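The values are calculated or read from the model by the stated rules, or taken from the named source; none is laboratory data. What you are looking at is a predicted structure, and each value in this text was computed from that prediction instead of being measured. Backbone-built Cβ (ideal geometry, glycine too); neighbour counts: all protein chains shown. Surface areas here come from the heavy atoms of the whole protein model, side chains and all, with no ligands, DNA or RNA. Shrake-Rupley method; radii C 1.70, N 1.55, O 1.52, S 1.80 Å.
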Amino acid sequence: GEIITIGDFNPKLAAFWIHEGTCVGIMLESGDAAQVSALESAVRSGKSVDIDALKSASSVDQALAMVL
């Protein structure tokens with residue numbers, strides 16, 4: 001798969017593990033409680049992700065919206 005990182009710890013950082021167009025893992029640093037609790041469901045859903053759109057996300061919140 002591919003790992004895509006968004007952010008710079010100012011204030012957040014996220015890493016998305018993508019395999020064959022599906023998000024199979026997410027790491028979020030400094031997210032709020034609602035975002036963190038939604039990550040497991042997002043990964044389990046097997047939702048397809050537009051990799052180019054994810055790479056061009058302007059913020060962690062925008063990237064999370066693509067997978068949540």
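Some notes on this structure:
- From the C-alpha gyration tensor of the chain, square roots of 5λ in Å: 17, 14, 9
- When only the Cβ of Lys, Arg, Asp and Glu is charged (+1, +1, -1, -1), the dipole of the chain relative to its Cα centre reaches about 100 debye.
- For the chain, the 222 nm mean residue ellipticity estimated from helices alone, with every DSSP H stretch of n ≥ 4 adding -39500 (n - 2.57) and the total spread over all residues, rounds to -10500 deg cm²/dmol.
- Look at the dipole of the chain built from charges on Cβ: of GLY46, SER59, HIS19, the Cα furthest out on the positive end belongs to GLY46.
- Accessible area in square angstrom per residue, the chain, 1.4 angstrom probe: 58
- Sequence-distant contacts, meaning Cα pairs under 8 Å at least 6 residues apart, place the relative contact order of the chain at 31 percent.
- Linear extension gain, GLN62 paired with SER45, 0.36 nm per residue minus alpha-carbon span: 4.3 nm
- Taking 0.36 nm per residue of separation and subtracting the Cα-Cα distance, full extension of the segment from GLU20 to ALA33 would add 1.8 nm.
- For the chain, the carbon plus sulfur part of the accessible surface works out to 51%, probe radius 1.4 Å.
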